[in-house]
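Following: one structure in structure tokens, then a few remarks.
The values are calculated or read from the model by the stated rules, or taken from the named source; none is laboratory data. Owing to the predicted nature of the structure, the values given are computational and were not obtained by experimental measurement. Cβ: placed from backbone, ideal geometry, glycine included. Neighbour counts: every protein chain shown. Areas reflect the complete protein model, heavy atoms only, side chains present, ligands, DNA and RNA absent. Shrake-Rupley method; radii C 1.70, N 1.55, O 1.52, S 1.80 Å.
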Amino acid sequence: MTTLTDLESTITACRLCPRLVAWREEVAREKRRAYRDEAYWGKPVPGFGDPAARVLIVGLAPGAHGANRTGRMFTGDSSGDFLYAALHRAGFASQPTSRGRDDGLTLTDAYISAACRCAPPDNKPTATELATCLSFLAAEIALLREVQVVVALGRIAFDAVLRVCACQSQPILPQPLFTHNAVASLGDGLPLLVTSYHPSRQNTQTGRLTTGMFDDVWSSVRRFLK
Ligand code: SF4
């Protein structure tokens with residue numbers, strides 16, 4: 001893959017995982033009542049952001065009625081509201097809200113990707129689906145040459161980043177443990193890995209992840225940028 005644009009075309013045309021293809025298209029056909037007049041995206045969601053980003057953010061997967069509806073990462077659901085508000089406060093996003101692909105939002109120095117590009121039932125891709133989709137994250141990491149810090153939102157993203165590194169260079173030993181706002185080295189000359197709880201409604205509404213805790217992550221990221 002030579003460019004991010006080529007990669008985006010390849011991702012959006014992908015139909016490798018039969019269960020996820022069926023689910024993303026069923027959700028797009030049936031829709032949620034609140035969005036019944038909208039045309040759902042219903043395809044894999046490519047990465048979004050600044051091609052010269054020094055920060056790569058990796059999430060889990062598109063939300064069924066969020067990114068699977070709008071076609072842009074973390075756009076159109078409560079996880080996205082929480083994430084983009086924090087990125088705006090930290091100076092990475094041009095606005096605190098993310099409603100749709102034509103809302104004028106831009107990212108500076110940040111690029112958002114995911115471990116799995118298709119909305120999975122119950123937000124749970126299988127191990128096989130994650131393994132099948134991993135090559136897209138690997139290709140993005142290879143193309144985003146300025147990245148200094150990778151932020152993994154949640155354990156599944158964390159595992160996916162470590163797997164990419166294990167495939168491309170060497171396993172990181174001892175393997176870092178997933179915890180909130182921790183940092184690990186991915187190896188000499190490679191980006192740092194910063195971890196965060198995922199900004200899912202389940203985490204933000206229960207107080208497992210607060211605004212202050214999330215802001216601390218982006219403060220750490222700013223500190224680590226050269
Ligand atoms: S999850 Fe990834 S590999 Fe599977 S169909 Fe979607 S884009 Fe393709």
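Odds and ends about this structure:
- 15 Å beta-carbon shell around residue 45, net charge (K/R +1, D/E -1): +2
- Computed from Cα atoms alone, the Kirkwood hydrodynamic radius reported for the range 38-91 is 11.8 Å.
- When the chain is treated as a Gaussian network with alpha carbon springs shorter than 10 Å, the biggest mean-square fluctuation among 191, 174, 51 belongs to 174.
- Charge dipole magnitude, Cβ of K and R +1, D and E -1 - the chain, Cα centre, debye nearest 20: 360
- The Cα trace of the chain gives Rg and Dmax of 16.3, 51 Å, the first to one decimal, the second as a whole number.
- Antiparallel bridges, percent of DSSP beta bridges restricted to the chain (to nearest 5): 30
- Potential lengthening of the chain between residue 180 and residue 37 amounts to 47.6 nm, from the contour at 0.36 nm per residue minus the alpha-carbon distance.
- Sum of side-chain charges, residue 143 neighbourhood, beta-carbon under 11 Å (Lys, Arg +1; Asp, Glu -1): -3
- Of all the options 161, 55, 21, the one that moves most in a Gaussian network model of the chain with Cα springs shorter than 10 angstrom is 21.
- Count Lys and Arg as plus one, Asp and Glu as minus one, and take only other residues whose Cβ is under 14 Å from that of residue 203; the net charge is then +1.
- Using the Cβ-Cβ distance between residue 210 and residue 148 with R0 = 30 Å, the FRET efficiency computed as 1/(1 + (r/R0)^6) comes to roughly 0.70.
- Lysines with Cα under 16 Å of residue 43, excluding same-chain neighbours fewer than 8 positions away: 31
- As a fraction of the 1.4 Å probe accessible area of the range 134-226, surface on carbon and sulfur atoms comes out at 51 percent.
- For the range 84-180, applying the loop criterion from DSSP together with a ceiling of 16 other beta carbons within 10 Å to the trypsin sites (Lys or Arg not before Pro) yields 99, 101, 145.
- Normalised by 2.2 N^0.38 Å, where N is the number of residues, the alpha-carbon radius of gyration of the range 99-168 equals 1.20.
- Qualifying trypsin sites (Lys or Arg not before Pro) for the range 1-60 [loop in DSSP, other Cβ within 10 Å: at most 10]: 36
- With all pairs of different C-alpha atoms in the average, the Kirkwood value for the hydrodynamic radius of the range 60-153 is 14.0 Å.
- The range 155-226 versus the range 37-56: alpha-carbon centroid distance in Å: 20
- Accessible area per residue, Å², the range 55-208 with all protein chains present, probe 1.4 Å: 41
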